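Engineer: Take a look at the following structure, please.
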Amino acid sequence: MSVKPKTKVFKKNAEIIIDKGEQHPYGFDEIPSTESSASTYTVPDDSTYFLFNRSGVKRLSKGQSVSLTPQGEIRRYYYGYPTDRIYPRQQEELTGELLLDDILSHYRRTEAFDKSVFSSCALSKTASQYIEKCEASGLINTVAKQFIEEGRL
């Protein structure tokens, strides 16, 4: 089918005009979109916000503070257009000294130290330094012992 610069098509009571001429630029304003992350988010007063998570979708009120879980996100809408996404902040995985410090500060249970338990384990520098301290005190943190036996510390 050949189409001239301006072609009319009639079919029953319908009519369409195909215009291959000049394109008419429409003056649309681009709405910028941003992505950020946070562990907790306080909803400002400027737009409409929704929380999307495993439970579904919930509209958020102005000034409401929301804790973001790994499966959730907050979306901001401006006159019905999605403009912002707020994702939960990724947790850093602790290793080495930081992991040991975290275990010792949060888990207080200790037991009698027995060096023979670690004879077949490949020990990291952090684990061997901790075991030396435990030899001197005669006690070892139960969770730290488990992590060393599993090779995670």
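Engineer: Name the residues in the range 79-108 that are under 19 Å from the mean Cα position of the chain (by Cα) and not β-branched (Val, Ile, Thr), would you? Break it down stepwise before answering.
Structural biologist: Taking the range 79-108 first, the residues under 19 Å from the mean Cα position of the chain (by Cα) are 82-94.
Within the range 79-108, Pro82, Asp84, Arg85, Tyr87, Pro88, Arg89, Gln90, Gln91, Glu92, Glu93, Leu94 qualify.
Engineer: Do any residues in the range 73-97 that are open to solvent by 80 Å² or more (accessible area, probe 1.4 Å) have Cβ atoms under 7 Å from those of residues that are β-branched (Val, Ile, Thr), where the two are at least six apart or on different chains, and which pairs are they?
Structural biologist: Listed by first residue and then by second, the contacts come to Tyr78/Ile31; Tyr81/Ile31; Glu97/Thr126.
Engineer: Next question. Name the one entry in Arg59, Arg76 that is under 17 Å from the mean Cα position of the chain (by Cα) and modelled with pLDDT of 90 or more.
Structural biologist: Arg76
Engineer: Can you tell me which residue within the range 1-31, out of those that are modelled with pLDDT of 80 or more and open to solvent by less than 100 Å² (accessible area, probe 1.4 Å), is nearest to Tyr81 (Cα to Cα)?
Structural biologist: Ile16
Engineer: From Leu98, Leu94, Leu104, Leu153, which residue is on the phi < 0 side of the Ramachandran plot and in contact with an Asp or Glu (Cβ under 6 Å, 6 or more places away or on another chain)?
Structural biologist: Working: Leu98 fails: in contact with an Asp or Glu (Cβ under 6 Å, 6 or more places away or on another chain); Leu104 fails: in contact with an Asp or Glu (Cβ under 6 Å, 6 or more places away or on another chain); Leu153 fails: in contact with an Asp or Glu (Cβ under 6 Å, 6 or more places away or on another chain).
It is Leu94.
Engineer: Looking at the range 32-58 only, could you name the residues that are open to solvent by less than 50 Å² (accessible area, probe 1.4 Å) and without any contact (Cβ under 8 Å) to a residue 12 or more places away in the chain?
Structural biologist: The answer is Gly56, and nothing else.
Engineer: Right, next: Condition first: exposed (fewer than 14 other Cβ atoms within 10 Å of the Cβ) and over 14 Å from Tyr87 (Cβ atoms). Now tell me which residues in the range 59-72 satisfy that.
Structural biologist: Correct list: Arg59, Ser61, Lys62, Gly63, Gln64, Ser65.
Engineer: With the requirement that a residue be touching a strand residue (DSSP E or B) at 6+ places or on another chain (Cβ under 8 Å) and under 15 Å from Leu104 (Cα atoms), what does the range 132-153 give you?
Structural biologist: If the condition is that a residue be touching a strand residue (DSSP E or B) at 6+ places or on another chain (Cβ under 8 Å) and under 15 Å from Leu104 (Cα atoms), then Cys134, Leu139, Ile140, Asn141, Thr142, Lys145 are the ones that fit.
The values are calculated or read from the model by the stated rules, or taken from the named source; none is laboratory data. Predicted, not measured: the structure shown is a model, and the values here were computed from it. Here the Cβ is made from the backbone with ideal geometry for all residues, glycine too, and neighbour counts use every protein chain on show. We work out accessible area using only protein heavy atoms, side chains counted, and drop any ligands, DNA or RNA first. Shrake-Rupley method; radii C 1.70, N 1.55, O 1.52, S 1.80 Å.
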